[in-house]
């Protein structure tokens, strides 16, 4: 077949092939964008968590830092009102009043029934910041202290809650510290994440629940 006639015959076929590939590429790109958007949307509604354990020189002291973030579909003032009712969402702790003015800076709370584990509210910036310190305590040969920082970031009618817990432990007994080995285990970290996950999901549920006015 002459080259000119062959080119005329193959032309439409090549054009159709190129058009098909182009359409297929556009469709694939569109599907990938949809998939990416779904993943990003799913992540935006899920809790994020991270944990870091750092050992200090000498191995007698170490730090355990946990960070959690959760988006809440509610205005910041609504989230703040539930956040400050600590026992309503951190329901595994006793959080009974010990001293100071309730709900104010300086208030001391008992964490566990009949045990000398206490927390103190250090700083309050309404709708923005809550800082709570775990007062020093010695348990099974290990001295512990820590601080919890909770920040709220508002965007339109949504609020992002960041909760960071920084704890420092110092071994004061002889031999190896068994509590440190426990905290380094994947099982302990997973259990801790699950507990704080339940707490933050409870805070989200309380904040997103319809108010009596909305229900009418």
Going fewest to most other Cβ atoms within 10 Å around each Cβ, 81, 99 line up as 99, 81
Protection proxy (average C-beta count within 10 Å per residue), highest first, orders 49-58, 200-209 as 200-209, 49-58
Placing each pseudo-label 7 Å from Cα in the direction of the beta carbon, residue 99 and residue 208 end up separated by a distance in nanometres of 4.1 nm
Going fewest to most other Cβ atoms within 10 Å around each Cβ, 67, 97, 82 line up as 97, 67, 82
Classified through the alpha carbon gyration tensor (a ≥ b ≥ c as square roots of its eigenvalues; rounded if a/c is under 1.5, else prolate when a/b is larger than b/c, else oblate), the range 46-211 comes out prolate
Footprinting proxy, 64, 188: sorted fewest to most Cβ within 10 Å, the residues are 188, 64
Quick calc, residue 182 & residue 125: beta-carbon distance into FRET formula, R0 35 Å, rounding 0.05, result 0.50
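Every number in this text was worked out from the coordinates using simple rules, so none of it is lab data. Just so we're clear, the structure is a prediction, and the values are computed from it rather than from any experiment. Note that we place each Cβ from the backbone using ideal geometry, even for glycine, and neighbour counts take in every protein chain shown.
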